[in-house]
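The structure under discussion appears below in the form of structure tokens.
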Amino acid sequence: MKLTQKFIMAICCFFIATSIYASDNAEKVTYKWKDDNGIIQYTERPPKSKAYEKITVKTGGAREVTQVSEEEAVMSAKDESQSDLDELNKANERNCKVSQQNLQVLQQMARIRVTENGEERILSPEEKQERISETQKQIDIYCKPL
């Protein structure tokens, strides 16, 4: 290719690139108006013999998308799962303490009062033993480390 042909080719490429960029960042004009049925319409051309509002819409170019590396994604997931595990451990600690306190009360008190349907009553020995068994199961669940 001769130098003049290269120059013309470069100028053409420049104008093509500029027009593409300009169309991405161009302002679009839209017209808003009501039709005969009272429905709002949006068009690129103004209506004939109708009142309209001119709306200018600016469009931006494409945004750059940042890619997260696989290693960063794994580290983020690990941090999140560690945080979830820490919260679960704290909840288990609280539940463990409450269960141990409940077991202590059930074992030390001769009579346990409960309120059901607004009425107080005393647990029978069988009910008390059942509650001790349930509380022991809760201790087995909540008091072991994860």
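Brief remarks on what is shown
- So Ser99, is it among the small types (Gly, Ala, Ser) and touching a residue at least 24 places away in the same chain (Cβ under 8 Å): yes
- Considering (1) in contact (Cβ under 8 Å) with a residue 60 or more places away in the chain; (2) under 30 Å from Lys28 (Cα atoms), the lone condition that Lys54 does not fulfil carries the number (1).
Residues checked against (1) over 30 Å from Lys28 (Cα atoms); (2) in contact (Cβ under 8 Å) with a residue 24 or more places away in the chain; (3) basic (Lys, Arg); (4) surrounded by 11 or more Cβ atoms within 10 Å (Cβ to Cβ):
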| residue | (1), (2), (3), (4) |
| --- | --- |
| Glu71 | yes, no, no, no |
| Asn92 | yes, yes, no, yes |
| Val105 | yes, no, no, yes |
| Ile112 | yes, no, no, yes |
| Glu134 | yes, no, no, yes |
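- Residue match in the range 100-112 (condition: small (Gly, Ala, Ser) and either in a helix (DSSP H, G or I) or assigned by TED's automatic domain parsing to the domain that holds Thr30 (or both)): no
- Number of residues in the range 114-128 that are exposed (fewer than 12 other Cβ atoms within 10 Å of the Cβ) and either of a type in the set (Gly, Ala, Ser) or in a helix (DSSP H, G or I) (or both) equals 4.
The values are calculated or read from the model by the stated rules, or taken from the named source; none is laboratory data. All figures in this text were calculated on a predicted structure; none of them were measured in a lab. Neighbour counts are summed over all protein chains in view; Cβ atoms, including those assigned to glycine, are modelled from backbone coordinates with ideal geometry.
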